[in-house]
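What follows is a single structure, written as structure tokens, with notes after it.
The values are calculated or read from the model by the stated rules, or taken from the named source; none is laboratory data. Since we're looking at a predicted model, the values are computed, not measured. Here Cβ is always computed from backbone atoms with ideal geometry, including for glycine, and neighbour counts include all displayed protein chains. Remember, those area values only see protein heavy atoms, side chains included, never the ligands or the DNA or RNA. Shrake-Rupley method; radii C 1.70, N 1.55, O 1.52, S 1.80 Å.
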Amino acid sequence: MSSDGARFDVTADLSIEVDGAPVRVTAEGGDLRVVAADVRGFMRGLRAAATARNGTRPGRADVGELAGALAGAGLTARLASPSQHVVTVGAGVDSALGGLLLGTRQAQPDTLGILRASGRARSVETALAGALLFGIAVVLRRGRAIRGTATS
């Protein structure tokens, strides 16, 4: 991603497993979608991976930074289970609830979805930060199966 505000056009269809549970990442244009069969397990795995990679647990500042980076690239990412929406972040998102819960208005949480997916309210920030870090890492940085082009 460049700092000049370039917009990305992403095409993706990626299936992975996180601790044995399927996760599907799809993208078309500026819309990214991550659907995890076990959202709670997925977020635990992502949190652990982000902590191992950076040496610290992800938190509110990471959510805000990532949401801003997605918005700057013209991307909107959605995290869901097969039956429940959890959160939308990035371009076109303006949420007072996201500002309150996550420290950024560029994140729109579905409160019920978060609570069901996380299993406990106190893990919401960290779980979302991990999930969002995954979206960026896999979709934008590790795009072996993904084609992305900047457009004006």
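Report yes if Leu66 is in a helix (DSSP H, G or I) and either at pLDDT 80 or above or small (Gly, Ala, Ser) (or both), otherwise no.
yes
Counting only residues that are assigned to a strand (DSSP E or B) and free of Cβ contacts under 8 Å to residues at least 24 places away in the same chain, which one in segment 28-48 is nearest to Pro82 (Cα to Cα)?
Once the filter is applied, the top-ranked residue is Glu28.
Yes or no, residue by residue, for (1) surrounded by 19 or more Cβ atoms within 10 Å (Cβ to Cβ); (2) in a helix (DSSP H, G or I):
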site: Ala50; (1), (2): yes, yes
site: Arg53; (1), (2): no, yes
site: Thr56; (1), (2): no, no
site: Gly74; (1), (2): yes, no
site: Ala77; (1), (2): yes, no
site: Pro82; (1), (2): no, no
site: Thr88; (1), (2): yes, no
site: Asp94; (1), (2): no, no
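Could you please let me know if Glu28 is at pLDDT below 90, open to solvent by 70 Å² or more (accessible area, probe 1.4 Å) and closer than 26 Å to Phe8 by Cα?
no
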